[in-house]
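The values are calculated or read from the model by the stated rules, or taken from the named source; none is laboratory data. Remember, it's a predicted structure, so these values are computed and weren't measured experimentally. Neighbour counts are summed over all protein chains in view; Cβ atoms, including those assigned to glycine, are modelled from backbone coordinates with ideal geometry.
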Amino acid sequence: MLHKFDGLNKDISTQINMLENIIMLNSNLKKILIKSKELNITDYYIGAGCIAQTVWNFLSDNPIDYGISDIDFVYFDLNLEESTENLMAQRVNTLFSDIKIPIDVKNEARVHLWYENHFGYKIEPYNSLEESINSWPTTATSIGLRIEEDRLKVYAPFGLNDLFGGIVRANKVQITEEIYNNKVNKWHNKWPNLTIIPW
């Protein structure tokens, strides 16, 4: 039996077990985690908001997929051609065509090529997939998951306490205050019990 606060302030192995139990309640994420091996790539994660929001829903007694607008599928490939990324997006979306939530597929190796046009300022190229996750906007959403050797691999550079505590805290490595506040306002409307740490 899962209890709401089983993951808070526990050792990392306990937290990972708790996280796996919660994520597997979300049938969409479970399917993607299990079937992604059919893509025959190794350097990828399912991550960011869809993971945090699944946990927030569990903590809030919401339907487990409430408020999740997309699923982030990120990978790292030094082939920077947009057409190659588009082909990967097509492969992922074909494999998961029965999932109704949009899957946002991004090659993190080429984010720097479009970031300035989208956000208004330049960033340096990432050297790895993990380096990109290190820069994601909040501590709780800086997280990537995949199945590796039949076990859940978790990359969470800021740990899991903010995630299990329902705490939204800025990761100021890359984002601006405006970007953070926009996210905070959107999330707080959907999950009013979150604890928001001001910029």
Requested in this report: Output the residue which, of all residues in the range 76-98 that are closer than 24 Å to Leu19 by Cβ and touching a Lys or Arg at 6+ places or on another chain (Cβ under 8 Å), is surrounded by the fewest Cβ atoms within 10 Å (Cβ to Cβ).
Outcome: Leu95
Query - Residue that is modelled with the highest pLDDT, among those in the range 1-58 that are outside any helix (DSSP H, G or I) and basic (Lys, Arg) - result: Lys10
Query raised in the report: Can you name the residue in the range 100-134 that is among the aromatic types (Phe, Trp, Tyr) and in a loop (DSSP other than H, G, I, E, B) and, of all such residues, is surrounded by the fewest Cβ atoms within 10 Å (Cβ to Cβ)?
Result: Tyr121
Query - Selection within the range 149-172 - under 23 Å from Glu131 (Cα atoms), in contact (Cβ under 8 Å) with a residue 60 or more places away in the chain and in a loop (DSSP other than H, G, I, E, B) - result: Gly159, Leu160
Query raised in the report: Does the range 15-36 hold any residues that are loosely packed, with under 14 Cβ neighbours inside 10 Å and either of a type in the set (Phe, Trp, Tyr) or in contact with a strand residue (DSSP E or B) (Cβ under 8 Å, 6 or more places away or on another chain) (or both), and which are they?
Result: Ile34
Query raised in the report: Which one of these does Ile175 not meet: (1) at pLDDT 95 or above; (2) in contact with a Pro (Cβ under 8 Å, 6 or more places away or on another chain); (3) assigned to a loop (DSSP other than H, G, I, E, B)?
Result: (1)
Query raised in the report: Taking the range 173-199 on its own, how many of its residues are touching a residue at least 60 places away in the same chain (Cβ under 8 Å) and surrounded by fewer than 17 Cβ atoms within 10 Å (Cβ to Cβ)?
Result: 3
Requested in this report: Could you please tell me which pairs satisfy a Cβ distance under 8 Å, a separation of 6+ or placement on different chains, a first residue in the range 42-61 that is surrounded by fewer than 21 Cβ atoms within 10 Å (Cβ to Cβ), and a second residue that is of a type in the set (S, T, N, Q)?
Outcome: Leu59/Asn193; Ser60/Asn193
